[in-house]
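Chemist: Structure provided below as structure tokens; questions to follow.
The values are calculated or read from the model by the stated rules, or taken from the named source; none is laboratory data. All values reported here derive from a predicted model rather than from experimental measurement. Methodologically, a virtual Cβ is constructed for each residue, glycine included, from the backbone with ideal geometry; neighbour enumeration extends over all protein chains shown. Note: accessible area is taken over every heavy atom of the protein model, side chains too, but ligands, DNA and RNA are not part of it. Shrake-Rupley method; radii C 1.70, N 1.55, O 1.52, S 1.80 Å.
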Amino acid sequence: MHTRRIGDVDVSAIGLGAMPMSIEGRPDEERSLATVHAALDAGVTLIDTADAYHRDADEVGHNETLIAKALASHDRGGDVLVATKGGHLRPGDGSWTLDGSPRHLKEACEASLRRLGVEAIGLYQFHRPDPRVPYAESVGAIRDLLDEGKIRMAGISNANPEQIRLAGEILGGRLVSVQNQFSPAFRSSEPELDLCDELGIAFLPWSPLGGISKAGELGSGHAAFARVAEARGVSPQRVCLAWMLAKSPVVVPIPGASRPETIRDSLAATELTLTPEELAELDAA
């Protein structure tokens, strides 16, 4: 497995996004555990989760608990960097709400520590800016957790360039990652990706396969991915991730998966090198 770097840790160039295993439409636990184990068997050493990845109001942290169980039952579980997040909530009615208050973030981190069964969280990320709370206060709580040794590395999610620079200042140069939505269907995070490349901060695209399921449809803006995939004899999803990896060495996609075969196909993108002509076609798609 090819590796990339988050802070001072080498991780697999593609991680596993665990959210689909806990929200609406999730599979049974047996299939979820098999999916995580398949990822580990294939060399994954980065798993992304969050306390808000759950479906019902009374099961906060469902995904974290699931990941902890999967890692504990695999001989490579100890090699994984678990990235989790705080600051989002799910009341249980399908909606997502926010609480970026320092008090909530610190309480959420303590709860995540217990669910993950660790003394310090490998990578803890502020999930999403809360317009009711000054951004500096929210990131200040993450800084405190870092200083206290509750977390080993700090990141932010769903941030704009100004917030990335501010977080870097508040964390004293210790910001190691930015997790934003980025995919063929959602490219508005290009400025954040470029800034992370400039600063040497890992950029973790969430929902990186957005739009690819319709890549082969007539009239789709992403049909180029289907064309390249057909020519290469691989899936459009694999082409998409290879395209993303080629954008910058700081990019570490975290495609969601809930089936072993899905994550195996995603990981194969690390072995696919696209030509400059193919990359230009995909950039223009």
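Chemist: Any residue in the range 183-212 that's closer than 19 Å to R238 by Cα: show its pairings with residues that are of a type in the set (V, I, T) and at pLDDT below 95 at Cβ separation under 9 Å, as long as the two are six or more apart or on different chains.
Modeler: That search, which allows pairs on different chains as well, returns S183/I212; P184/I212; A185/I212.
Chemist: Only one of these is among the acidic types (D, E) and under 30 Å from E29 (Cα atoms): E261, E192, E281, E217. Name it.
Modeler: The conditions single out E261.
Chemist: If you go through the range 112-128, how many residues are in a loop (DSSP other than H, G, I, E, B) and open to solvent by 30 Å² or more (accessible area, probe 1.4 Å)? Give the steps one after another, and end with the answer.
Modeler: Looking only at the range 112-128, we keep the residues that are in a loop (DSSP other than H, G, I, E, B), and these are 117-120, 127-128.
With the extra rule that they be open to solvent by 30 Å² or more (accessible area, probe 1.4 Å), the set shrinks to 117-119, 128.
Counting residues in the range 112-128 that are in a loop (DSSP other than H, G, I, E, B) and open to solvent by 30 Å² or more (accessible area, probe 1.4 Å) gives 4.
Chemist: Separate question: Going through the range 213-252 one residue at a time, which ones are touching a residue at least 60 places away in the same chain (Cβ under 8 Å), under 21 Å from H2 (Cα atoms) and buried (at least 18 other Cβ atoms within 10 Å of the Cβ)? First the steps, then the outcome.
Modeler: Of the residues in the range 213-252, the ones touching a residue at least 60 places away in the same chain (Cβ under 8 Å) are 221-225, 241, 244-245, 249-252.
From the residues that got through so far, the ones that are under 21 Å from H2 (Cα atoms) too are 241, 244-245, 249-252.
Listed by number, the residues that qualify are L241, M244, L245, V250, V251, V252.
Chemist: Just to be sure before I move on: is W206 under 23 Å from I6 (Cβ atoms), crowded, with 17+ Cβ neighbours inside 10 Å, of a type in the set (F, W, Y) and touching a helix residue (DSSP H, G or I) at 6+ places or on another chain (Cβ under 6 Å) in the structure I sent?
Modeler: Working: under 23 Å from I6 (Cβ atoms): yes; crowded, with 17+ Cβ neighbours inside 10 Å: yes; of a type in the set (F, W, Y): yes; touching a helix residue (DSSP H, G or I) at 6+ places or on another chain (Cβ under 6 Å): no.
No; evaluated as a whole, the condition is false for this residue.
Chemist: Looking only at the range 92-113, how many residues end up being farther than 22 Å from P134 by Cβ and over 22 Å from the mean Cα position of the chain (by Cα)? Steps first, please.
Modeler: Applying the first criterion (farther than 22 Å from P134 by Cβ) to the range 92-113 yields 92-95, 110-113.
Next, only the ones that are over 22 Å from the mean Cα position of the chain (by Cα) stay: 92-93.
Number satisfying all stated conditions: 2.
Chemist: So, one more: Looking at the range 113-129, I want the residues that are on the phi > 0 side of the Ramachandran plot and have a partner that is open to solvent by 60 Å² or more (accessible area, probe 1.4 Å) with Cβ atoms under 9 Å, at least 6 apart or on another chain. Which pairs are those?
Modeler: Close Cβ pairs (under 9 Å, with a partner that is open to solvent by 60 Å² or more (accessible area, probe 1.4 Å)) amount to G117/A72.
Chemist: Of the residues that make up the range 271-282, is at least one of a type in the set (D, E, K, R) and under 18 Å from the mean Cα position of the chain (by Cα)? Give the derivation first.
Modeler: Of the range 271-282, the ones of a type in the set (D, E, K, R) are 271, 277-278, 281.
The next check asks that each one be under 18 Å from the mean Cα position of the chain (by Cα); those that pass are none.
The answer is no; no qualifying residue exists.
Chemist: Of the residues in the range 253-271, how many are open to solvent by 10 Å² or more (accessible area, probe 1.4 Å), part of a helix (DSSP H, G or I) and of a type in the set (S, T, N, Q)?
Modeler: Qualifying residue count for the region: 2.
Chemist: Return the residues of the range 132-152 that are under 14 Å from A108 (Cα atoms) and either open to solvent by 70 Å² or more (accessible area, probe 1.4 Å) or of a type outside the set (A, V, I, L, M, F, W, C) (or both); say none if nothing qualifies.
Modeler: Across the range 132-152, the qualifying residues are S138, D144, K150.
Chemist: Working only within the range 202-238, note down all residues that are hydrophobic (A, V, I, L, M, F, W, C) and touching a Leu at 6+ places or on another chain (Cβ under 7 Å). Spell out how you get there, then give the answer.
Modeler: Here is the first cut: in the range 202-238, the residues hydrophobic (A, V, I, L, M, F, W, C) are 202-204, 206, 209, 212, 215, 218, 223-226, 228-229, 231, 234.
Once the filter is applied, which keeps residues that are hydrophobic (A, V, I, L, M, F, W, C) and touching a Leu at 6+ places or on another chain (Cβ under 7 Å), the range 202-238 yields F203, A224, F225, V228, V234.
Chemist: Are there any pairs, at least 6 apart or on different chains, whose C-beta atoms fall under 6 Å, with the first in the range 1-20 and modelled with pLDDT under 95 and the second small (G, A, S), and if so, which?
Modeler: Sorted first by the residue in the range 1-20, then by its partner, the pairs are M1/S12; M1/G43.
Chemist: In the range 96-104, is there at least one residue being in contact (Cβ under 8 Å) with a residue 40 or more places away in the chain, under 23 Å from S207 (Cβ atoms), outside any strand (DSSP E or B) and open to solvent by less than 40 Å² (accessible area, probe 1.4 Å)?
Modeler: no
Chemist: Could I ask something else about it? Answer with yes or no whether E162 is assigned to a loop (DSSP other than H, G, I, E, B), open to solvent by 30 Å² or more (accessible area, probe 1.4 Å) and without any contact (Cβ under 8 Å) to a residue 40 or more places away in the chain.
Modeler: No, not satisfied.
Chemist: Out of (1) modelled with pLDDT of 95 or more; (2) touching a helix residue (DSSP H, G or I) at 6+ places or on another chain (Cβ under 7 Å), what's the single condition that is false for G233?
Modeler: (2)
Chemist: Taking the range 272-282, which residues are touching a residue at least 24 places away in the same chain (Cβ under 8 Å), in a helix (DSSP H, G or I) and open to solvent by 20 Å² or more (accessible area, probe 1.4 Å)?
Modeler: Initially, the range 272-282 is screened for residues touching a residue at least 24 places away in the same chain (Cβ under 8 Å), giving 272-274, 278-279, 281-282.
Cutting the leftovers down to in a helix (DSSP H, G or I) gives us 278-279, 281-282.
Of everything in the range 272-282, those that are touching a residue at least 24 places away in the same chain (Cβ under 8 Å), in a helix (DSSP H, G or I) and open to solvent by 20 Å² or more (accessible area, probe 1.4 Å) turn out to be E278, L279, E281.
Chemist: Take the residues in the range 74-91 that are out of contact with any helix residue (DSSP H, G or I) (no Cβ under 7 Å at 6 or more places or on another chain) and open to solvent by 40 Å² or more (accessible area, probe 1.4 Å), then tell me which one is farthest from M1 (Cα to Cα). Spell out the reasoning first.
Modeler: Looking only at the range 74-91, we keep the residues that are out of contact with any helix residue (DSSP H, G or I) (no Cβ under 7 Å at 6 or more places or on another chain), and these are 75, 78-79, 81, 83, 85, 88-91.
From what is left, the residues that are open to solvent by 40 Å² or more (accessible area, probe 1.4 Å) are 75, 78-79, 89, 91.
Details: D75: 17, G78: 17, D79: 13, L89: 34, P91: 38 Å.
Checking each candidate, the answer is P91.
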